[in-house]
Amino acid sequence: MHEMSLAANVLQLVDAAAAREGFAQVRRLTLEAGALAGVEVRALRFALEAIAPGTRLDGADIVIDEPPGQAWCAACAATVAMAARTDACPRCGGFGLRPTGGSALRVVELLVAD
Amino acid sequence: MCVVCGCGQPGAGPAVGAVVNAATGDLHYGAGPARVSVPGMSAERTIRLEADVLGANQAVADANRAHFAAHGVRTFNLVSSPGSGKTTLLCATLDALRRRASALPLAVIEGDQQTCRDADRIRATGVPAIQVNTGKGCHLDAPMVAEAFARLPLHDHGHRHGHHHGHAHDDGHAHDPALLFIENVGNLVCPALWDLGEDAKVALLSVTEGDDKPLKYPDLFAAARLMVITKTDLLPHVDFDVAQCIGYAQRVNPGIEVLLLSAKTGIGLDAWLDWLLAGAEAPA
């Protein structure tokens with residue numbers, strides 16, 4: 001359940017942004033959790049809601065975008081879709097895939113109130 | 001200020017967020033107050049952050065990696081489920097390294113949620129160890145490793161070396177290497193995401209766990225440079241298909257290296273030592 005640690009890291013980023021930008025409350029938190037990021041989105045949402053009370057995230061809408069995974073298939077010399085790390089190449093059926101996208105976990109944007 | 005790498009004093013100050021055992025240097029996390037802030041009301045605006053959630057950990061991990069390199073320390077992060085034999089393999093490895101490269105400085109950072117039992121087992125071999133108790137945490141993070149490393153004699157070793165020779169460690173001399181083992185919290189999921197500044201993650205998988213673990217927990221095997229299949233002395237007693245297991249691991253990580261060994265019988269230990277010492281000039 002590392003999503004609780006990740007939620008705490010999100011809160012730290014929010015507090016650091018608040019120190020720079022001088023806002024009191026987050027109305028909407030937009031995250032990006034790629035399909036290959038190793039994050040369970042349901043658990044992350046639960047963790048964020050659990051730590052929110054009494055913080056700048058209290059009452060915030062939580063939006064989590066989940067971009068699909070992408071990988072480079074050396075055999076096909078092509079970029080292909082990859083929904084999970086155990087997937088084979090959809091073109092050639094081989095497993096020599098190197099993930100190239102969808103592995104990021106980022107705080108994208110905050111809608112804030114002073 | 002250290003003249004070798006620019007880090008703080010040898011030894012360590014108060015640990016941030018941890019309770020320190022004065023006698024052993026062991027670190028206990030997970031007992032801090034919750035932060036509270038006072039909400040206000042006013043107009044709304046949008047702030048674009050585009051910030052990596054693990055960015056703060058990554059910054060410390062990068063600093064750890066530079067710090068280890070400056071001290072000539074090669075670092076291995078051992079990850080596996082609980083009970084795969086990490087501590088048993090470590091004890092056997094430390095004994096074997098002592099016989100093969102007696103002058104090679106060694107140290108261990110032990111991660112668990114609770115108790116100092118594993119650090120006690122390591123210290124019984126004569127190798128310095130720091131126990132890091134994560135409290136409720138399911139993994140070690142880079143700041144914990146930075147705090148623990150500052151409390152190990154390996155840190156002083158590098159400093160003394162730097163002071164005697166008066167030159168930087170990154171000048172091409174591969175002299176006086178040292179090995180640091182980090183035994184992560186037993187967990188096949190969470191440690192995959194946290195870079196500690198190690199040279200390589202090593203995933204252990206015991207034959208009693210089943211050969212399909214790489215498919216069930218792909219993130220961890222994707223993050224590892226080496227998979228060590230342990231407890232091979234038990235192979236006659238379990239349904240574990242070694243070739244299938246390796247095939248599964250290569251599915252999620254085409255470049256993963258594989259070793260098989262039994263810490264109990266010692267079979268396979270030599271190849272493991274070769275792997276650990278590759279790139280580190282071991283003094284005789």
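The values are calculated or read from the model by the stated rules, or taken from the named source; none is laboratory data. Not measured: the values here are computed from a predicted model. Heads up, the Cβs are rebuilt from the backbone with ideal geometry, glycines too, and the neighbour counts pull from every protein chain shown. Heavy atoms of the whole protein, side chains included, go into the accessibility calculation; ligands, DNA and RNA do not. Shrake-Rupley method; radii C 1.70, N 1.55, O 1.52, S 1.80 Å.
In table form, for the structure just shown:
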read-out	value
Listing of strands (runs of 3 or more DSSP E) fully contained in the stretch B:190-279 that carry 1 or more residues being surrounded by fewer than 18 Cβ atoms within 10 Å (Cβ to Cβ) and β-branched (Val, Ile, Thr)	B:257-260
Of residues in the stretch A:85-104 being within 12 Å of chain B (Cβ to nearest Cβ) and touching a Gly at 6+ places or on another chain (Cβ under 7 Å), the one farthest from A:Arg27 (Cα to Cα)	A:Ala88
Some residue of the stretch A:13-33 being free of Cβ contacts under 8 Å to residues at least 12 places away in the same chain, within 8 Å of chain B (Cβ to nearest Cβ) and under 18 Å from the mean Cα position of the chain (by Cα)	no
In the stretch A:85-109, the residues that are within 13 Å of A:Leu36 (Cα to Cα), under 15 Å from the mean Cα position of the chain (by Cα) and hydrophobic (A, V, I, L, M, F, W, C)	A:Ala104, A:Leu105
Identity of the residue in the stretch B:42-60, open to solvent by less than 40 Å² (accessible area, probe 1.4 Å), aliphatic (A, V, I, L, M) and under 20 Å from B:Leu193 (Cα atoms), that ends up farthest from the other protein chains (Cβ to nearest Cβ)	B:Leu54
Hey, A:Asp61 over 14 Å from the mean Cα position of the chain (by Cα), modelled with pLDDT of 95 or more and facing chain B (nearest Cβ under 8 Å) or not	no
Pair list, Cβ < 6 Å and 6+ apart or interchain, from the stretch B:248-259 residues that are more than 7 Å from every other protein chain (Cβ to nearest Cβ) to residues that are outside any helix (DSSP H, G or I) and open to solvent by less than 40 Å² (accessible area, probe 1.4 Å)	B:Ala249/B:Met227; B:Ala249/B:Ile256; B:Ile256/B:Met227; B:Glu257/B:Leu226; B:Val258/B:Met227; B:Leu259/B:Val228
The stretch A:3-12, subset at the interface with chain B (Cβ under 7 Å from one of its Cβ atoms) and in contact (Cβ under 8 Å) with a residue 12 or more places away in the chain, residue farthest from A:Glu109 (Cα to Cα)	A:Leu6
Complete set of residues in the stretch B:116-159 that are farther than 21 Å from B:Asn64 by Cα, out of contact with any strand residue (DSSP E or B) (no Cβ under 6 Å at 6 or more places or on another chain) and away from chain A (no Cβ under 14 Å)	B:Arg117, B:Asp120, B:Arg121, B:Ala124, B:Thr125, B:Gly126
Tally, over the stretch A:100-114, of residues that are of a type in the set (Gly, Ala, Ser) and in a strand (DSSP E or B)	2
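For (1) in contact with a helix residue (DSSP H, G or I) (Cβ under 7 Å, 6 or more places away or on another chain); (2) not small (Gly, Ala, Ser), each residue gets a yes or a no:
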position	(1), (2)
B:Asn64	yes, yes
B:Phe68	no, yes
B:His71	yes, yes
B:Arg74	no, yes
B:Asn77	no, yes
B:Ser81	no, no
B:Thr87	yes, yes
